[in-house]
Amino acid sequence: MSMTKSTEKIVLPPPFPDHTQLPETDGTFVKNFQEHPQSIILTDSLTPVLEQLHPDGQYAIGQDCGIYWREAEPPEAGAEAPDWFYVPNVPPNIGGEIRRSYVLWREFISPLIALEFASGSGNEERDKTPLSKANLEQGKKPGTFWVYEQIINIPYYGIYVIRTGDLEVYNLVNGAYHKMSSNERGNYPIKPLGVELGLWQGSYQNQTQLWLRWWDGEGNLLPTGWEQSKLERERAERLAARLRELGIDP
C-alpha cells in the first residue's frame, strides 16, 4: 500500500501581540490640569521606598498607560488605562525599549495598586458592568471596577474624585473588592508597600488644592525630591545661624 504526504498547509493562530504591536493611546486627552502633576507627585515621593523594596530596579510605574487584558477589535477595547499604577517585580523596560503599554497576557503579574483621578462623579470608575456577549451586543463595555476586580485582580484600587475631594480605597479580599476604612490619620494603609495613602492640602507645581500623597507607617509625609532639598537647605541655614551665634564662621 502506497503512502502519500498531505500537501495541506498547517495555519497556526497568530501569536498574542506584545506592547510594541498594540496602540499606546486611545486618542483621548487629559481631562484636567491636575492629572499629570498628581501622577508626578505620587511617583516622585514614592521612589525612595520603591528603591529600597527593589534594589534590583525590577518594578514599573504606569501613568495614564494602557493595561491590555484581552484581545479585542479595536485593540483599545481590551485595555484599561489607570491614571497611576505600580507593578512589582517586572523590568522597567522590555528588550531595552521603553514600555508603551502593559500587556497582562505577556507578563502575568498584576499591578499591586491602581489609582483613578475622577474628573466627574466617579461613577465611571465604579462601573461594575461585566464582560458578556449580551452586554457587548448592546454596546456596553466592561466596567473599570469589574475589570480591575474580576480580571486583572489588582489588590488595591483607589478612586479620587477631584471635584469633591473624596477618596475611596478598595482592597481585594477573596476575589472581591471591599471598601477600606481610613485609620486615625484619615489615611489608608497599603501594607505591602509599608506606606499610607491619603489627601494633603498644599501647593505643588503652582496649583494649591487637595493632592493624593503618601505617608510612612508612622504618619510622616513622604517628601518629593524638591521638598527634601528645601528641608535640607533650611537645616543647613539653621545650623549656619547657630554656628555664627557661637562665634564660628560656617
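The values are calculated or read from the model by the stated rules, or taken from the named source; none is laboratory data. This structure is a prediction, so every number in the text was calculated from the model and none was measured. No Cβ is skipped: glycine too gets one built from the backbone with ideal geometry, and neighbour counts run over all protein chains shown.
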Q: Could you list, in sequence order, all residues of the stretch 132-176 that are crowded, with 18+ Cβ neighbours inside 10 Å and either over 25 Å from residue 42 (Cβ atoms) or more than 18 Å from the chain's Cα centre (by Cα) (or both)?
A: 142
**Q.** Evaluation of residue 129 against (1) closer than 28 Å to residue 192 by Cα; (2) modelled with pLDDT of 95 or more; (3) more than 13 Å from the chain's Cα centre (by Cα) (one fails), failing number
**A.** (1)
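For the stretch 89-109, enumerate the residues that are of a type outside the set (Lys, Arg) and in contact (Cβ under 8 Å) with a residue 40 or more places away in the chain.
Step one: list which residues in the stretch 89-109 are of a type outside the set (Lys, Arg), which gives 89-98, 101-105, 107-109.
Scanning the stretch 89-109 gives 94, 97, 101, 102, 103, 104, 105.
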Q: Would you confirm whether any residue within the stretch 96-104 is assigned to a loop (DSSP other than H, G, I, E, B), under 14 Å from residue 61 (Cα atoms), touching a Ser or Thr at 6+ places or on another chain (Cβ under 8 Å) and of a type in the set (D, E, K, R)?
A: yes
Q) Does residue 112 satisfy the criteria of being touching a helix residue (DSSP H, G or I) at 6+ places or on another chain (Cβ under 7 Å) and either more than 15 Å from residue 147 (Cβ to Cβ) or free of Cβ contacts under 8 Å to residues at least 12 places away in the same chain (or both)? A) yes
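Which of the residues that make up the stretch 106-128 are part of a loop (DSSP other than H, G, I, E, B) and either more than 17 Å from residue 82 (Cα to Cα) or not assigned by TED's automatic domain parsing to the domain that holds residue 50 (or both)?
Of all residues in the stretch 106-128, those part of a loop (DSSP other than H, G, I, E, B) come to 108-112, 119-128.
Listed by number, the list holds a single entry, 108.
Of all residues in the stretch 77-98, how many are surrounded by fewer than 19 Cβ atoms within 10 Å (Cβ to Cβ), of a type outside the set (A, V, I, L, M) and out of contact with any Leu (no Cβ under 8 Å at 6 or more places or on another chain)?
Looking only at the stretch 77-98, we keep the residues that are surrounded by fewer than 19 Cβ atoms within 10 Å (Cβ to Cβ), and these are 77, 88-98.
Now restrict to residues that are of a type outside the set (A, V, I, L, M): 88-89, 91-93, 95-97.
From the residues that got through so far, the ones that are out of contact with any Leu (no Cβ under 8 Å at 6 or more places or on another chain) too are 89, 91-93, 95-97.
Of the residues in the stretch 77-98, 7 are surrounded by fewer than 19 Cβ atoms within 10 Å (Cβ to Cβ), of a type outside the set (A, V, I, L, M) and out of contact with any Leu (no Cβ under 8 Å at 6 or more places or on another chain).
Name the single residue, out of those in the stretch 113-133 being hydroxyl-bearing (Ser, Thr, Tyr) and out of contact with any Phe, Trp or Tyr (no Cβ under 8 Å at 6 or more places or on another chain), that is nearest to residue 211 (Cα to Cα).
Of the residues in the stretch 113-133, the ones hydroxyl-bearing (Ser, Thr, Tyr) are 119, 121, 129, 132.
In the following step, the residues that additionally are out of contact with any Phe, Trp or Tyr (no Cβ under 8 Å at 6 or more places or on another chain) were identified as 119, 121, 132.
Values: 119: 14, 121: 17, 132: 37 Å.
Checked the stretch 113-133; the qualifying residue nearest to residue 211 (Cα to Cα) is 119.
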Q. Of the residues that sit in the stretch 196-250 and are closer than 15 Å to residue 38 by Cβ and loosely packed, with under 11 Cβ neighbours inside 10 Å, which one is modelled with the highest pLDDT?
A. 201
